[in-house]
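Right, one structure below, let's go through it.
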Amino acid sequence: MIKVGIIGATGYAGGELVRILKGHKNAEIKWYGSRSYIDQKYADVYRNMFQIVDAVCMDDNMEELASQVDVIFTATPQGLCASLVNEDILSKTKIIDLSADFRLKDVSVYEEWYKIEHKAPRFIDEAVYGLCEVNREDIKKARLVANPGCYTTCSILTAYPLAKEGLIDMGTLIIDAKSGTSGAGRGAKLPNLFCEVNENIKAYGVATHRHTPEIEEQLGYAAGEKVVLNFTPHLVPMNRGILATEYASLKEKVSWEEVKAVYDKYYVDEKFVRVLDKDVCPETKWVEGSNYVDIGFKIDPRTNRIIMMGAIDNLVKGAAGQAVQNMNLMFGCEESEGLELVPMFP
């Protein structure tokens, strides 16, 4: 059994980790870390875990935790993992960090966009960006994995094959994305109150959202060039889900069949990426509660642009599910173990 510790187990992503790992045949949670609920029963925080989880919440002592478990998930705000990790810890256990601390390879870019000092820049080069469909072989050998963000997972996977094959002009790429409110975390914030969100849709972080450099960096690796793009996120009144709609100019005229062949080249053997049939658009309802990414596209010959669309559950493939997928790769498990989650409907 893989012994697991979770720091940040009472946030939305941490709670989703617990839900998924309770159904994982090769994993056992040994530590439910939560600074806000120390010594409280986990099932009192999340009552869906009544008579399922008997443990009490513990602190975020990574030093102690590292000697007890095989892998630590840090589902915490930016800066915490970097402030705790050190060589001694990494010599004892593996870490899958769900924050942005090790996603960006340029520490100055991280500090500019996240407005905090990076506490462990020496581990940035070693950290593997945990997008399984792209970096699978590197993830298998890693001891520190940077789990991608939810917007970034959806945005990158939707455009990745076309960027990799050079079909689109990367300088024209625009990403418009919508997310449910769980993406903002469980903390009480005025803009996320029911009366603020219900019957409303709003853009936020316009031209400044901190997932922008992550998307640019990863798509830049795919395209083999520096990428600068517009990314605009929106908040919509639903619990879960991300829908990304992406626009780019085509470098040459292509048919739907030719573009579909490019997507199939990269994703036909990927269990969790579903490229949809012609004229079928992704919807968040068809991936809710699952680790799937649904991708569709439409060619607009009038403007010579392609519209790419992707949908994920932000808490599963966008956070906890992807983290478990990474764990499976790191420990030689079946990659889909614990993640055979049929999308929920309605």
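Some notes on this structure:
- All of (1) closer than 19 Å to A159 by Cβ; (2) of a type in the set (K, R); (3) free of Cβ contacts under 8 Å to residues at least 24 places away in the same chain hold for R302 with one exception: (1).
- Identification of helices (runs of 4 or more DSSP H) wholly contained in segment 1-100 with 3 or more residues that are buried (at least 20 other Cβ atoms within 10 Å of the Cβ) yields 12-21, 62-66, 80-84.
- Residue among E246, E257, E270, E225 that is in contact (Cβ under 8 Å) with a residue 24 or more places away in the chain and outside any loop (DSSP other than H, G, I, E, B): E246
- Every residue from segment 314-342 that is among the polar types (S, T, N, Q), surrounded by 24 or more Cβ atoms within 10 Å (Cβ to Cβ) and not in a loop (DSSP other than H, G, I, E, B): Q322, Q325, N326
- Conditions (1) crowded, with 22+ Cβ neighbours inside 10 Å; (2) under 30 Å from S91 (Cβ atoms): number failed by T181: (2)
- Here I168, I175 are screened, and the one residue that is surrounded by 15 or more Cβ atoms within 10 Å (Cβ to Cβ), farther than 22 Å from W113 by Cα, touching a helix residue (DSSP H, G or I) at 6+ places or on another chain (Cβ under 9 Å) and in contact (Cβ under 8 Å) with a residue 60 or more places away in the chain is I168.
- Residue count for segment 251-278 satisfying the condition of being under 14 Å from I295 (Cβ atoms) and surrounded by fewer than 14 Cβ atoms within 10 Å (Cβ to Cβ): 6.
- First in segment 193-213 and among the β-branched types (V, I, T), second anywhere and exposed (fewer than 13 other Cβ atoms within 10 Å of the Cβ), Cβ under 9 Å, 6 or more apart: V197/P191
- Residue within segment 213-222 that is surrounded by fewer than 18 Cβ atoms within 10 Å (Cβ to Cβ) and either of a type in the set (K, R) or part of a loop (DSSP other than H, G, I, E, B) (or both) present: no
- Set side by side, the residues A311, A248 differ, and just one is more than 19 Å from the chain's Cα centre (by Cα), surrounded by 22 or more Cβ atoms within 10 Å (Cβ to Cβ), at pLDDT 95 or above and of a type outside the set (V, I, T), which is A248.
- Figure legend. Inter-residue proximity from segment 30-59: first residues at pLDDT 95 or above, second residues acidic (D, E) and outside any helix (DSSP H, G or I), beta-carbon distance below 7 Å, spacing 6+ or different chains. Indicated pairs: G33/D59; G33/D60; I38/D59; V56/D39; C57/D39.
- Each residue in segment 1-29 was checked for being of a type in the set (A, V, I, L, M), touching a residue at least 60 places away in the same chain (Cβ under 8 Å) and closer than 22 Å to C150 by Cα, and 7 of them qualify.
The values are calculated or read from the model by the stated rules, or taken from the named source; none is laboratory data. Since we're looking at a predicted model, the values are computed, not measured. So basically every Cβ, Gly included, is an ideal-geometry build from the backbone, and we count neighbours across all protein chains shown.
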